[in-house]
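Enquirer: Quick one: structure below, then a few questions.
Bear in mind these aren't lab numbers, they're just calculated from the coordinates by the rules spelled out. The structure displayed is predicted, hence computed values, not measured ones. Because the Cβ atoms are built from the backbone with ideal geometry, glycine has one as well, and the counts that use them run over all protein chains shown.
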Amino acid sequence: MKSLPLLALLLLPFLAFAAPESTYDKVMRSGTIRVGYLASPPGVIKDPNTGKLTGIAVEALDKAAANLQLKTAYVEEGQWSTMIEGLATGRYDVVMMAWASGARARLADFSMPLFYSAVNAYARPDDKRFTPGASLDQILSANPDLKIATVDGDVTEVIAKSKFPNAKTYSLPQNADIASLLLSVSTKKADLVFEEAASAKYFLDHNPGTLREVSNGTPVGVCPNIMLIPRGQPEFKAMLNNALAELVDLGYVDTLIKQYEPFPGALLPLSTPYRVPGKLPK
């Protein structure tokens, strides 16, 4: 019996350096996936009166969690500038939704995409510099005073710098929301902005006649809509991706896209990774 205190003393250094609980183990122990979210339609839609959350990402994650015999708890509404910090400090296990980018990949891991967004260019309806048929390169070259609205560290900034490196920019801070980005053009602080068709449609529904698309049928980019998860958590990532892939393969996500897209073709579903064989000749 006297050897027990000695054994405990010998084990203390090992206990002190025990590995922290993984996200997978924490979720399985609690039975709950804790979610941080950004209210950004059509992925996450928050009812301003009731606070109820709906949208493609919300319903897909709820269904995936139910199939895993888990629950979801929407614990915090965040901002673009704080969402990864809350993930890294363990306040939640998932953030929904965001576009995958190199800057975000340094700090967080990504789930598989649920769908893709075509990113278009928008300007003021009365801005005659954006002539039909002319490419954005031609317009920006002919009008070097034009400013592109971007958000620091966001995909909008990446697109502007990579595709139009000589253009002037009007930069908004990371905590700026989509409405602020689009308003910067309608209020003449900037002249051009890049945004997905679905978000632009939601904005124009509440601010009719303030913007027009000037992409001339060619998106400036295509971005995957993903959920952010903590880095270094392969078991949790594999479990989540397998559950989401099941929903894509069974057509559940396609049903959500059709339900929530503001007009047909506004969102781009994942292509099937297989080919249905034709009838065999007799």
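Enquirer: Which lysines have a Cα less than 18 Å from the Cα of residue 201, not counting those fewer than 8 places away in the same chain?
Expert: Straight-line reach from residue 201, under 18 Å: 46, 258.
Enquirer: What is the helix-to-structure angle for 3-16, meaning the angle in degrees between its Cα long axis and the longest Cα principal axis of the chain, kept from 0 to 90 and rounded to the nearest 10?
Expert: Once rounded, the angle reads 10 degrees.
Enquirer: Tell me, in nm to one decimal, what length is gained between residue 79 and residue 161 on full extension, where the rule is 0.36 nm per residue of separation less the Cα-Cα distance?
Expert: Taking 0.36 nm per residue and subtracting the Cα distance, the gain is 27.2 nm.
Enquirer: Take residue 207 and residue 49, extend 7 Å from each Cα along the Cα→Cβ direction, and tell me the distance between the two endpoints in nm.
Expert: Simple spin-label model gives 2.5 nm for this pair.
Enquirer: How big is region 68-138 by Rg and Dmax over its Cα atoms, in Å?
Expert: Cα radius of gyration and Dmax of region 68-138 are 18.5, 56 Å respectively.
Enquirer: Quick one: which of 168/188; 147/189; 128/161; 26/237; 128/189 span more than 20 angstrom between C-alpha atoms?
Expert: Listed pairs above 20 Å: 128/161.
Enquirer: Let me ask something else about it. For region 118-222, what class follows from the C-alpha gyration tensor (a ≥ b ≥ c being the square roots of its eigenvalues): rounded when a/c is under 1.5, otherwise prolate if a/b is larger than b/c, else oblate?
Expert: Because its axes are fairly even, with a/c under 1.5, region 118-222 counts as rounded.
Enquirer: Pull out a ≥ b ≥ c, the square roots of the eigenvalues of the alpha-carbon gyration tensor of the chain, then state rounded if a/c is under 1.5, prolate if not and a/b is larger than b/c, and oblate in the remaining case.
Expert: prolate
Enquirer: How far, in degrees from 0 to 90, does helix 56-67 lean away from the longest principal axis of the Cα atoms of the chain, to the nearest 10?
Expert: That works out to roughly 20 degrees.
Enquirer: Rounded to the nearest 0.05, what FRET efficiency is calculated for residue 216 and residue 242 with R0 set to 30 Å and r the Cβ-Cβ distance?
Expert: 0.15
Enquirer: Below 18 Å, Cα to Cα, which aspartates and glutamates can residue 71 reach? Residues fewer than 8 away in the same chain don't count.
Expert: Of all the aspartates and glutamates, those that pass the test against residue 71 - Cα under 18 Å, at least 8 places apart if same chain - are 25, 59, 62, 93, 235, 246.
Enquirer: Suppose only helical runs count, i.e. DSSP H with n ≥ 4. What mean residue ellipticity at 222 nm does that imply for the chain under -39500 (n - 2.57) per run, divided by all residues and rounded to the nearest 500 deg cm²/dmol?
Expert: When only DSSP H runs of four or more count, the value is -10500 deg cm²/dmol.
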